[in-house]
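> Starting off with a structure, shown below.
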Amino acid sequence: MPDKHTLPVLRSAVQTCRGCTLYKHATQAVFGAGSAASRVMLIGEVPGDSEDLAGKPFVGPAGRLLDEALALAQIPRDEVYVTNAVKHFKFTRRGKRRIHDKPTRYEIQACKPWLGAELEAVEPDIVVVMGATAAQSLLGPSFRVTKERGHALTTELARWTFATVHPAAVLRAPDDEARRAAKEEFIADFDVIGDYFKKL
Ligand code: URA
């Protein structure tokens with residue numbers, strides 16, 4: 001970790017991170033995106049294929065769903081810092097495709113100092129953990145997103161912390177009906193977050 005924890009310093013330093021072995025196969029580390037003045041910080045799991053190539057978080061299909069939920073909740077994009085619990089893409093090759101793999105507990109732990117430094121640099125009023133990986137990293141292994149989603153939680157991370165599912169999980173729902181229902185719930189979670197955002 002560098003001595004100075006400003007976002008530009010961290011963003012550059014993370015490219016030389018050797019805290020776990022994921023750097024070996026990824027194109028680059030994908031650091032968070034957004035202003036240090038953002039009042040909301042959204043935390044996903046790990047960059048996907050598109051993010052690994054672009055070097056920016058949530059630029060693929062999951063990012064588009066996220067943008068839709070933010071717009072409906074009337075949370076301006078420039079008030080949002082978006083990042084992931086793990087900064088390097090983890091995948092298995094299947095033919096030409098690179099299929100996303102879940103990070104291990106070890107990889108989540110190894111990457112945590114970067115996430116902690118982002119929280120320190122941004123000091124958001126609202127933190128949103130999306131999915132079990134981000135929840136495990138920041139709220140511990142026994143935290144259950146399905147039980148705690150949709151309401152404000154009191155934590156040390158921010159004034160208000162929220163948990164919701166990962167947008168990619170919504171897109172992976174087994175059929176159209178399940179996908180429609182999962183999307184509705186995801187958008188409802190963001191509506192609640194939007195209500196708190198208006199109180200800031
Ligand atoms: N899924 C994530 O968790 N993060 C991204 O940046 C993209 C997809």
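> Whose amide H sits under 5 Å from the amide H of Asp101, counting only residues 5 or more places off or on another chain, with H placed in the peptide plane?
Close amide H contacts, sequence-distant or interchain: Lys90, Phe91, Thr92.
> Give a quick list of trypsin sites (Lys or Arg not before Pro) in segment 132-161 that DSSP marks as loop, anything other than H, G, I, E or B, with at most 16 other Cβ atoms within 10 Å.
Arg144, Arg159
> How much of the accessible area of the chain, in percent, comes from carbon and sulfur atoms when a 1.4 Å probe is used?
Values: 5100 of 9950 Å².
Answer for the chain is 51 percent, counting heavy atoms of protein chains only.
> Pairs Lys102/Lys147; Lys4/Lys87; Lys112/Lys199: which are spaced more than 25 Å apart, C-alpha to C-alpha?
Working: Lys102/Lys147 21 Å; Lys4/Lys87 19 Å; Lys112/Lys199 30 Å.
Too far apart for the 25 Å limit: Lys112/Lys199.
> Using a 1.4 Å probe on the protein heavy atoms only, what accessible surface does Arg11 show? Give it in Å² to the nearest 10.
Accessible surface of Arg11 is approximately 90 Å².
> Averaged per residue, what accessible area in Å² does the chain show with a 1.4 Å probe, protein chains only? Please list the in-between numbers first.
Values: 9950 Å² over 200 residues.
On a per-residue basis, the chain sits at 50 Å².
> Another one. Can you work out the Karplus-derived ³J(HN,Hα) for every residue in segment 50-67? Use 6.51 cos²θ - 1.76 cosθ + 1.60 with θ = phi - 60°, whole Hz, and x for glycine or proline.
Result, rounded to whole Hz: 5, 5, 4, 6, 7, x, 10, x, 6, 9, x, x, 5, x, 5, 5, 4, 4.
> Please list, in chain and number order, the residues 5+ apart from Val59 or on another chain whose amide H is under 5 Å from its amide H, with Hs placed from the backbone.
Hits under the 5 Å cutoff: Glu51.
> Quick one: net charge around Ser137, please, counting Lys, Arg +1 and Asp, Glu -1 for every other residue with C-beta under 11 Å from its C-beta. Don't skip to the end; give the middle numbers.
Numbers: positive: Arg105, Lys112; negative: Glu45, Glu107.
Taking every other residue near Ser137 into account, the sum is 0.
> Under the rule of at least 5 residues apart or a separate chain, name every residue whose amide H is placed under 5 Å from the amide H of Tyr81.
Val40, Met41, Leu42
> Same structure again: Under the Kirkwood approximation applied to all pairs of distinct alpha-carbon atoms, what is the hydrodynamic radius of the chain in Å?
On the way: mean 1/r = 0.0592 Å⁻¹.
One over the average 1/r among Cα pairs gives 16.9 Å for the chain.
> Write out the GluC sites (Glu not before Pro) in segment 118-179 meeting two conditions: DSSP loop, and at most 11 other Cβ atoms within 10 Å of their Cβ. Walk me through the numbers on the way to the answer.
Values: sites: Glu118, Glu120, Glu148, Glu156, Glu177; in loops: Glu156.
Hits after loop and neighbour filter: Glu156.
> Then there's this: Determine ³J(HN,Hα), in whole Hz, for all residues of segment 111-117 in sequence, where each value follows from phi through the Karplus function 6.51 cos²θ - 1.76 cosθ + 1.60 and θ = phi - 60°; x replaces Gly and Pro.
Running phi through 6.51 cos²θ - 1.76 cosθ + 1.60 with θ = phi - 60° gives 8, 4, x, 5, 5, x, 5 Hz.
The values are calculated or read from the model by the stated rules, or taken from the named source; none is laboratory data. Keep in mind that this is a model prediction, so the values were computed, not measured. Heads up, the Cβs are rebuilt from the backbone with ideal geometry, glycines too, and the neighbour counts pull from every protein chain shown. What goes into the accessible areas is simple: the full protein's heavy atoms, side chains included, and nothing from ligands, DNA or RNA. Shrake-Rupley method; radii C 1.70, N 1.55, O 1.52, S 1.80 Å.
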